[in-house]
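Just below is one structure, and these are the notes that go with it.
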Amino acid sequence: LNHPLGPAYAPADPAAAAVVQPKWDTSAASNTFVLEIGSEELPPADVESACAALREKMEEVLRLSRLTYESLKVEGTPRRIACIVQSLQTRQDDSERIARGPPAAMAYGKEGEATKAATGFAKSQ
């Protein structure tokens, strides 16, 4: 197959044809990420709006996921929209937050078991 963004690999096991195993180097600090979406034939105006929407959503998702990247490029054709993220961080930076729960006297019973206050707080986190 002639894919514009690279070669397609046929799976060795036909049963695993629906599962694509990405070649992601987790030892690297960053990698190139490609998201390609195939579609039916789209009118040119729809391709432009789809590209703009994909760019906006990808920027938002990466920001909310605390993942940095060097550049984000979205390209489209009538049958394909692709987003290419260069130097995408392979893991999130560590983060820390402090959450205050119920006082220890209310969080634990006489024998050290968690009370409804403690389990309710834990579920909310």
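The values are calculated or read from the model by the stated rules, or taken from the named source; none is laboratory data. Computed from a prediction, not measured in an experiment: that's the story for all the values here. Cβ atoms come from the backbone with ideal geometry, glycine included; neighbour counts cover every protein chain shown. Each accessible area value is taken on the protein alone, full model and side chains, heavy atoms only, with ligands, DNA and RNA left out. Shrake-Rupley method; radii C 1.70, N 1.55, O 1.52, S 1.80 Å.
For Ala105, the conditions (1) open to solvent by 60 Å² or more (accessible area, probe 1.4 Å); (2) in a helix (DSSP H, G or I); (3) at pLDDT 90 or above; (4) of a type outside the set (Lys, Arg) all hold with the exception of (3). Quick one: in region 73-113, which of the residues that are under 30 Å from the mean Cα position of the chain (by Cα) and acidic (Asp, Glu) is nearest to Glu56 (Cα to Cα)? By that ranking, first place goes to Glu75.
A count restricted to region 108-125 and to residues that are surrounded by fewer than 15 Cβ atoms within 10 Å (Cβ to Cβ), in contact with a strand residue (DSSP E or B) (Cβ under 7 Å, 6 or more places away or on another chain) and not in a loop (DSSP other than H, G, I, E, B) stands at 1.
Screening Ser87, Ser95, Ser71, Ser49 for residues that are of a type in the set (S, T, N, Q), out of contact with any Leu (no Cβ under 8 Å at 6 or more places or on another chain) and open to solvent by 80 Å² or more (accessible area, probe 1.4 Å) leaves exactly one candidate, Ser95. I'm trying to understand the selection: among the residues of region 61-90, which are out of contact with any Pro (no Cβ under 9 Å at 6 or more places or on another chain) and touching a residue at least 60 places away in the same chain (Cβ under 8 Å)? Those that are out of contact with any Pro (no Cβ under 9 Å at 6 or more places or on another chain) and touching a residue at least 60 places away in the same chain (Cβ under 8 Å): Ile84, Gln89, Thr90.
How many residues does region 100-113 hold that are touching a helix residue (DSSP H, G or I) at 6+ places or on another chain (Cβ under 8 Å) and closer than 30 Å to Leu67 by Cα?
1
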